[in-house]
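Worksheet: one structure, shown below.
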Amino acid sequence: MARFGARVVAALAGVWLLATAGAVVVFGYRVLGALVTGGSLPTLLVAVGVFALLVGYLSYRSGAKRLLSRLDAVALPRERAPMVHASLDRLAERMRTDRPELYTVNLGQPNAFVLGRDALVVDRSLVRLLGPAELEAILAH
């Protein structure tokens, strides 16, 4: 049961990659067919490049939110964990980067990871098991 959460994340990522690959194959087949019969190679390359950029952008913008929703991630309010938020504020300032939102999940095993650029996900057990310095080291990583 402890690895169930990590397996769910891996399965969701795999399904997303397969769906994206399928869309690329279908789109590529149609575009290639249309361009080969009457188009040129530069036109084909531009069309494929634009499509790749569009799919990458949409995946980047919506993938993290979708995974957070499926993991039942809950935003950790500052008043419930002021020391954790203070550590995160210090780290973001020291690294000169935007501060990510902090979410907690119940994965069944101690784990922490980042989704996109603005979502830091921490398993609830990490907050209970680690001391302040250890947790700050995990957040910095």
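The values are calculated or read from the model by the stated rules, or taken from the named source; none is laboratory data. What you are looking at is a predicted structure, and each value in this text was computed from that prediction instead of being measured. Positions of Cβ are generated from backbone atoms using ideal geometry, with glycine treated the same way; all protein chains shown enter the neighbour counts.
Residues in the stretch 34-59 that are exposed (fewer than 11 other Cβ atoms within 10 Å of the Cβ) and modelled with pLDDT under 80: THR37, GLY38, SER40, LEU41, PRO42.
Cβ-Cβ contacts under 7 Å between residues 6 or more apart (or on different chains), taken from a first residue in the stretch 37-64 that is of a type in the set (S, T, N, Q) to a second residue that is modelled with pLDDT of 80 or more, are listed as SER59/THR20.
Restricting the stretch 98-129 to residues that are at pLDDT 85 or above and part of a loop (DSSP other than H, G, I, E, B), the residue that is surrounded by the most Cβ atoms within 10 Å (Cβ to Cβ) is LEU107. Sub-8 Å Cβ pairs linking a first residue in the stretch 70-92 that is in contact (Cβ under 8 Å) with a residue 60 or more places away in the chain and surrounded by 13 or more Cβ atoms within 10 Å (Cβ to Cβ) to a second residue that is in a loop (DSSP other than H, G, I, E, B) and not β-branched (Val, Ile, Thr), at least 6 apart or interchain, are LEU71/LEU107, ordered by first then second residue.
Pairs linking a residue in the stretch 100-122 that is in contact (Cβ under 8 Å) with a residue 40 or more places away in the chain to a residue that is charged (D, E, K, R) and part of a strand (DSSP E or B), with Cβ atoms under 9 Å and 6 or more positions apart or on different chains, are VAL105/ASP123; ASN106/ASP123; LEU107/ASP123; GLY108/ASP123; GLN109/ASP123; ASN111/ASP123; ASP118/GLU101; ALA119/GLU101.
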